[in-house]
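**Q** Below: one structure in structure tokens.
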Amino acid sequence: MTDDATIDGARRSLRRRRRARRLLVAVVLAAVGAVTYFGLDFVGFEAGELAAGVPDFLDFVGGFFPPDFVAFTRYTILNDVHGLEAVGVSFSDGGGHVADSLGWEGVTLVRASLVTLLLGFLGTVLGFPFALALGVLGSERVTPFPFNFLFRGLMSAIRAIPAIVWIFLFVPLGPPSQPTAVLAIATDTVGNLGRLFTDELEEIEDGPIEAIRSTGASRPQVVGFGMLSQVFTSYIAWTLYILEVNTRIAISLGVVGAGGLGYYIRNTTGMWAYRETAAGIVMVFLVVLSIELVSSRLRARLRPDEHEATGSLDAIRDLFDPDRWLGRS
Amino acid sequence: MSAVSLDDVRKVYGSDTVALDGVSLDVDPGEFVVLLGPSGAGKSTLLRALNGLTAPTSGQIAVHGDPPAEAGSDVGMVFQEHNLVPSMSAVRNAATGALARTSLPRSALGAYPADVERAALSALDTVGLLDAAGQRAGSMSGGQKQRVGVARALVQDPDVLLADEPVASLDPRAAREVMRYLHTAAGERDLTTVVSLHQINIAREFGERFVGLRDGAVVFDGPREDLTMDAVDAIYYGEEGRDDDPDPPVATLGGETA
């Protein structure tokens, strides 16, 4: 039998380790606290000064209400229909005004929303094949170390530069505009989505790869069937997630001139038409939220562990099932 | 000519882990061989070497006279953890057995030739899963998954079928069922089969010839009649037998050795 002395020895060593861990936590917390305290001072963050501006801020925010949707469609602009009424009027003829505005070059909220959605979508679609190629080649399972770092490094370099900087790097191709915004978002997608693809590939099971290899399959077939087949649904899920991110990026690129809702917001604030700005912000909410809702619903259904035996078809069908939206089933 | 032959095969992992220590073995065409031996005896290494998944450190391995790497798709393999792609249906998993004879574009599009599709369905029929052909592999039971694993190896249309502890993670009933399908398929298609097993009763039920591995060396090779309890003990406990086990698991409970 083990004697008490041995047990006590084990207890002492456990307690020592626990003490060391607590000390470490305390040191880390103290360090975070110190950097925050001195950092706020360094960047000139004065809570008192900012608080003094709160009344002005509230006054400013008050100027946003009520939101004015006058620029909702061409019809409401030309007929000077203001406020929320503009939305109702725009839909009153069964969609004719909306369709008319989509085909009109002028800045309307419906067209700006469409442009923003398209910028995010096109950037994602154009970036996807390059993200897939670099992402797969960046995995150590496909490209032997250290050559895979060539591709990983390229993706890191692309990722290090945000889309809003890329659009200025593309100035020789054209000023910040809708086409260069698509390019900038696509470039950003290559870096971000590619990295997610690589990480996903590193975590797959060896078994199916070995099984496919043992059938005498060629190297590309082993990659396709042993590896990519394992990550297929998660690749779709990540791409949908990046679509969400890209929609938001499209708005910020709009502010620097790429069109869409961002452009509308910059224009209206430039003219101190804050009530119209507010309408643009409401549209941003609607666009981003709807993309997020659709994408997160699809992604939730695609996760194989959470929803046993749910294919992509079921996921799309669920999208149109109101019971699921309301959580009734 | 033997279907499978090993001549003084050694496999050393790293600098000093000897997995196979001079194994020589000949298997005739159509033979059903069961590999027995404790964990770490070298059974998996032997099967992986026969399949060309690992290369021996020294010695010769031949499958129908060729090195295993060249035999490629002539050797089918069933894995312990079935190794299916969970997101694909049973029939698509089975069809991957035909990748070696399907062009890349066709296989990438999942547009297998009609004969491969027919072979995949017929293999699923052989293992009693024709009705579940469209079911996702991930949603199947352990026994069903392993039967799909057998079907995939059959679609390969191999001459030699290898199985590495194919029923180790199944309950006794599912294990016997999988072994029955595997045994029947091997018989019908006249396959040379090498299976490693841990369950002695299942091994005795299906095996014709038994090869015992211990510490990387062949310590038993004979038909079912010769596989007595003593012979089994010799494979798992060595020459000294079960009674002289210097470290029997039960006796260590009190912290003292027997």
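**Q** Checking the condition assigned to a strand (DSSP E or B) and not β-branched (Val, Ile, Thr), which residue from B:149, B:187, B:222 passes? Quick ask: steps written out before the conclusion?
**A** Numbers: B:149 fails: assigned to a strand (DSSP E or B); B:187 fails: assigned to a strand (DSSP E or B).
Among B:149, B:187, B:222, only B:222 is assigned to a strand (DSSP E or B) and not β-branched (Val, Ile, Thr).
**Q** So which residues in segment B:228-242 are free of Cβ contacts under 8 Å to residues at least 40 places away in the same chain and closer than 18 Å to residue B:33 by Cβ, if there are any at all? Even if it seems obvious, please write down each step before you answer.
**A** If we filter segment B:228-242 for residues that are free of Cβ contacts under 8 Å to residues at least 40 places away in the same chain, which is where we start, we get B:228-231, B:233-234, B:237-242.
Across segment B:228-242, the qualifying residue is only B:231.
**Q** Okay, next question. Take the residues in segment A:143-194 that are in contact with a helix residue (DSSP H, G or I) (Cβ under 8 Å, 6 or more places away or on another chain) and not in a helix (DSSP H, G or I); name whichever of them is farthest from residue A:250 (Cα to Cα).
**A** Filtering first and then ranking leaves A:143.
**Q** Given the conditions (1) more than 10 Å from chain A (Cβ to nearest Cβ); (2) under 24 Å from the mean Cα position of the chain (by Cα), and given that residue B:112 satisfies all but one, which numbered condition is not satisfied?
**A** Residue B:112 satisfies all of (1) more than 10 Å from chain A (Cβ to nearest Cβ); (2) under 24 Å from the mean Cα position of the chain (by Cα) except (2).
**Q** Looking for whichever is in the same structural domain as residue A:130 (by TED's automatic domain parsing), polar (S, T, N, Q) and surrounded by fewer than 21 Cβ atoms within 10 Å (Cβ to Cβ) here; the options are A:247, A:233. Which one fits?
**A** Values: A:247 fails: surrounded by fewer than 21 Cβ atoms within 10 Å (Cβ to Cβ).
Within the list A:247, A:233, the selection yields A:233.
**Q** Can you name every residue in segment A:210-230 that is small (Gly, Ala, Ser) and either assigned to a helix (DSSP H, G or I) or not assigned by TED's automatic domain parsing to the domain that holds residue A:293 (or both)?
**A** Step one: filter segment A:210-230 for residues small (Gly, Ala, Ser), giving A:211, A:214, A:216-218, A:224, A:226, A:229.
Residues satisfying the conditions are A:211, A:214, A:224, A:226, A:229.
Conditions tested, residue by residue: (1) of a type outside the set (A, V, I, L, M); (2) without any contact (Cβ under 8 Å) to a residue 12 or more places away in the chain.
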{"position": "A:219", "(1), (2)": "yes, yes"}
{"position": "A:226", "(1), (2)": "yes, no"}
{"position": "A:239", "(1), (2)": "yes, no"}
{"position": "A:245", "(1), (2)": "no, no"}
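**Q** Can I ask one more? Count, please, the residues in segment B:99-128 that happen to be touching a Lys or Arg at 6+ places or on another chain (Cβ under 9 Å) and either part of a helix (DSSP H, G or I) or modelled with pLDDT under 85 (or both).
**A** We begin by selecting, within segment B:99-128, every residue touching a Lys or Arg at 6+ places or on another chain (Cβ under 9 Å); these are B:110, B:112-113, B:116, B:120, B:123-124, B:126-128.
Checking which are either part of a helix (DSSP H, G or I) or modelled with pLDDT under 85 (or both) leaves us with B:110, B:112-113, B:116, B:120, B:123-124, B:126.
Matching residues across segment B:99-128 total 8.
**Q** Answer yes if at least one residue in segment A:14-26 is assigned to a loop (DSSP other than H, G, I, E, B) and at pLDDT 90 or above, and no otherwise.
**A** Residues of segment A:14-26 that are assigned to a loop (DSSP other than H, G, I, E, B), as a first pass: none.
The answer is no; no qualifying residue exists.
**Q** Filter segment A:196-246 for residues that are more than 7 Å from chain B (Cβ to nearest Cβ) and acidic (Asp, Glu); which is farthest from residue A:137 (Cα to Cα)?
**A** It comes out as A:244.
**Q** Just to verify a result, which residue in segment B:63-85, among those that are in a strand (DSSP E or B), in contact (Cβ under 8 Å) with a residue 60 or more places away in the chain and more than 8 Å from chain A (Cβ to nearest Cβ), is nearest to residue B:22 (Cα to Cα)? I'd like the intermediate steps shown before the answer.
**A** We begin by selecting, within segment B:63-85, every residue in a strand (DSSP E or B); these are B:63, B:66, B:75-78.
Filter once more, keeping what is in contact (Cβ under 8 Å) with a residue 60 or more places away in the chain: B:63, B:75-78.
The next check asks that each one be more than 8 Å from chain A (Cβ to nearest Cβ); those that pass are B:63, B:78.
Working: B:63: 18, B:78: 25 Å.
Result: B:63.
**Q** With segment A:52-139 as the region, which helices (runs of 4 or more DSSP H) entirely inside it contain at least 3 residues that are touching a residue at least 60 places away in the same chain (Cβ under 8 Å)?
**A** On the way: elements: A:54-62, A:74-78, A:85-91, A:96-102, A:109-137.
Once the helices (runs of 4 or more DSSP H) in segment A:52-139 are filtered for at least 3 residues that are touching a residue at least 60 places away in the same chain (Cβ under 8 Å), what remains is A:109-137.
The values are calculated or read from the model by the stated rules, or taken from the named source; none is laboratory data. Model, not experiment: these values are computed from the prediction. All Cβ positions, glycine included, derive from the backbone under ideal geometry; neighbour counts span all protein chains shown.
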